[in-house]
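Worksheet: one structure, shown below.
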Amino acid sequence: MDFYIGSGAALLGVILVVLGHSTLYFELKASIKGDTNLTLSTMKSAYTLVIGGLIIIILGLLYLMGIIPWYNV
């Protein structure tokens with residue numbers, strides 16, 4: 001059970017990081033082409049996804065290593 005919780009959290013973190021990076025990449029690409037203006041809120045939301053994903057990855061790995069138990073069996 002611990003393995004599924006820890007690996008699921010790490011996988012969720014990876015998905016959030018990938019979504020944040022792809023959002024930022026496509027917004028920068030569109031901004032360079034001149035299709036849209038890159039807004040600060042778009043950059044903030046993309047970096048929030050990336051930072052949040054990294055935090056979730058770290059928490060999942062710490063849980064897998066047994067450093068932070070989230071519940072007692």
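The values are calculated or read from the model by the stated rules, or taken from the named source; none is laboratory data. Quick caveat: nothing in here was measured; it's all calculated off a predicted structure. Because the Cβ atoms are built from the backbone with ideal geometry, glycine has one as well, and the counts that use them run over all protein chains shown.
General remarks:
- Of all residue pairs spaced 6 or more apart or on separate chains, those with beta-carbon atoms under 7 Å, a first member in region 11-32 that is farther than 9 Å from Leu49 by Cβ and a second member that is in a helix (DSSP H, G or I) and among the hydroxyl-bearing types (Ser, Thr, Tyr) are Glu27/Thr42.
- Looking only at region 31-73, residues that are touching a helix residue (DSSP H, G or I) at 6+ places or on another chain (Cβ under 6 Å) and modelled with pLDDT under 85 come to 4 in all.
- Test result for Leu28, touching a helix residue (DSSP H, G or I) at 6+ places or on another chain (Cβ under 7 Å) and under 23 Å from Ile15 (Cα atoms): no
- Whenever a residue of region 40-51 is in contact (Cβ under 8 Å) with a residue 12 or more places away in the chain and within 11 Å of Val18 (Cα to Cα), its partners that are of a type outside the set (Val, Ile, Thr) and assigned to a helix (DSSP H, G or I), lying with C-beta atoms within less than 6 angstrom and at least six residues away or across chains, give the pairs Ala46/Gly20; Ala46/Leu24; Leu49/Leu16; Leu49/Leu19; Leu49/Gly20; Val50/Gly20.
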